[in-house]
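Everything on this sheet refers to the single structure shown next.
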Amino acid sequence: MSTYAVDVHPLAHHVGFTDADMVVVLLDGRTVSVPLVWFPRLAKATREQLENYEILADGEGIHWPDVDEDLSVAGLLRGRGSGLSLCSIPRIGGFSARGCSRVRRIVRSFGFANVEEKGKT
């Protein structure tokens with residue numbers, strides 16, 4: 001059995017949304033669906049803000065000017081979220097400081113010790 005390395009440069013054609021997911025249609029016909037919770041700015045955005053996006057660099061990226069979010073198609077295919085948490089962006093409706101402390105305690109109780117404390121690295 002032979003395996004061929006395919007050099008594919010994925011480009012976005014269209015972006016759509018369900019209640020919980022972002023669906024990106026690529027020019028080559030593939031569809032990539034990712035949870036909105038991976039991108040807190042998008043998760044907290046209104047439908048109007050979500051639908052106001054721009055395709056960048058002939059499809060290599062997507063930009064939402066209303067919520068200041070930029071994503072690369074390559075990053076989506078690698079399964080990368082924004083790296084932000086709902087606690088890190090309170091200006092768009094994240095948790096309060098007290099709520100974030102509770103979330104951190106719960107996460108640590110499941111054995112994830114590398115959760116940062118507010119103001120500490």
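Derivation of every value follows stated rules applied to the coordinates shown; laboratory data play no part. Just so it is clear, the structure is predicted and the values come from calculations on it, not from any experiment. Note: ideal-geometry Cβ built from the backbone for every residue, glycine included; neighbour counts use all protein chains shown.
Numbers for the structure displayed
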{"item": "The stretch 34-64, residues that are exposed (fewer than 14 other Cβ atoms within 10 Å of the Cβ) and among the acidic types (Asp, Glu)", "result": "GLU48, GLU51, GLU54, ASP58"}
{"item": "Matching residues, the stretch 38-68, being under 11 Å from MET22 (Cβ atoms) and of a type outside the set (A, V, I, L, M, F, W, C)", "result": "TYR53"}
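For (1) closer than 14 Å to PRO10 by Cβ; (2) in contact (Cβ under 8 Å) with a residue 24 or more places away in the chain; (3) part of a helix (DSSP H, G or I), each residue gets a yes or a no:
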site: VAL24; (1), (2), (3): yes, yes, no
site: VAL34; (1), (2), (3): yes, yes, no
site: ARG41; (1), (2), (3): no, yes, yes
site: ALA45; (1), (2), (3): no, yes, no
site: GLU48; (1), (2), (3): no, no, yes
site: HIS63; (1), (2), (3): no, no, no
